[in-house]
Every structure is written in structure tokens, then in C-alpha cells.
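Peer 1: Below are the C-alpha cells for one structure; questions will follow.
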Amino acid sequence: MNFNQIDELIDQWWDQWRGNPTLDKIFYASSNLGDFSLIWHIVGGLAALPPGKKANQALRFSALMGAESLIVNQLIKRQFNRPRPGSADDNVSKYQLREPITSSFPSGHASAAFCAATVLARRTRIGNLWFVAAAFISMSRVHVRLHHASDLVGGALIGSIIGKLTHRFIGK
């Protein structure tokens, strides 16, 4: 069995969740919050607010998220030309998703989410719960049919590696 067949099986299995009004609202909102790493910039900024935290940590975290985006979207995605399983136009219009212009592989949402989770897990009290949030943001892309499941795996691996390699830059 190859990646395309596995992706197809997962997509068919996921169909049971699509069309559920509550899940649609949650996953479409999650997908939109993941655009341009918006949720991760917000989280990074909030993590720098409590007394004793340094504001420059938030700036370094946002810089990391920007660098991660450049690496994934301008360097890695350009090496692939994988079509997406659907388009933003295929989705329910009331959710207004942005139409990505890059290759489906790897998922930029998953890469950003797992990069952020890797860094935040070391810096915050809730630790590994960040990976749950990262997985949820990533899965939203399968739900809205803008990524294949294997795109998420590739993005998660790349994001985790970038997060681990840049830990010193962000600080503790």
C-alpha cells in the first residue's frame, strides 16, 4: 500500500465527521487560525505577558515562526508539486477559507503547529498539551480537504525538527 492509498483511506474514513455543524465550525475556525501561524503568534505574545517574562522572547518566537514559514513555504514546498485533495471553493462558503497557492506537501499548518509545540512544550507549564493543540490544528486541514494525511505527517516532522534546532535561539 502506498501513501496515496493510505491518504485515500483516511480521507474516506474522515468523511463521517464532515458535515457535522459543530465539528465543521471547530475545524474550519482552527484551520483559519492556523493561517500565517496566527494562533502561534498570539500564544507566543501571551506567554511573554506575565511578570518576569521578557518581551523579547515573544519577538524571537514570532521571528522563529516567520523563519519556519519561509523554510517550509519557499524552500521545501517548492521541491514538490503535490495537488491538494480539494480547494477552498469546495468548502462550505460560510466558512471562507483562504485558497493556498503552494504544494500540498508538506502541510505548512502542521509544520508551524509542531514547531511551535516543540518550543512551547519546553517553555510553559502545560508542556505536552501543546502537541494536542498542534495535532488538532493539523487535522483541521484534512477535515477541510486542503491536505492529505501524509502532508500532515511530513509537516509535523519538519516543524518538530525546526523547533528542536532553534531552541537555543528562543531561550528558556
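Peer 1: Quick check for me: using +1 on Lys/Arg Cβ and -1 on Asp/Glu Cβ, what's the dipole size of the chain about its Cα centre, in debye to the nearest 20?
Peer 2: I would put it at about 1000 debye.
Peer 1: Right, another one. So what's the back-of-envelope 222 nm ellipticity for the chain, counting only DSSP H runs of four-plus at -39500 (n - 2.57) apiece and dividing by all residues, rounded to 500?
Peer 2: -19000 deg cm²/dmol
Peer 1: Let me check I've understood the local charge: for Ala149, count other residues with C-beta under 11 angstrom from its C-beta, Lys and Arg +1, Asp and Glu -1. What total comes out? Numbers along the way, then the final one.
Peer 2: Details: positive: Arg141; negative: Asp7, Glu8, Asp11, Asp151.
Neighbour charge sum, excluding Ala149 itself: -3.
Peer 1: Another one. Net charge around Ile101, counting only other residues with Cβ within less than 12 Å of its Cβ (Lys, Arg = +1; Asp, Glu = -1)?
Peer 2: +3
Any read-out appearing in this document is the output of simple, stated calculations on the displayed coordinates, not a laboratory observation. These numbers were taken from a predicted model, which means no experiment stands behind them. Note that each Cβ is placed from the backbone with ideal geometry, even for glycine, and that neighbours are counted across all protein chains shown.
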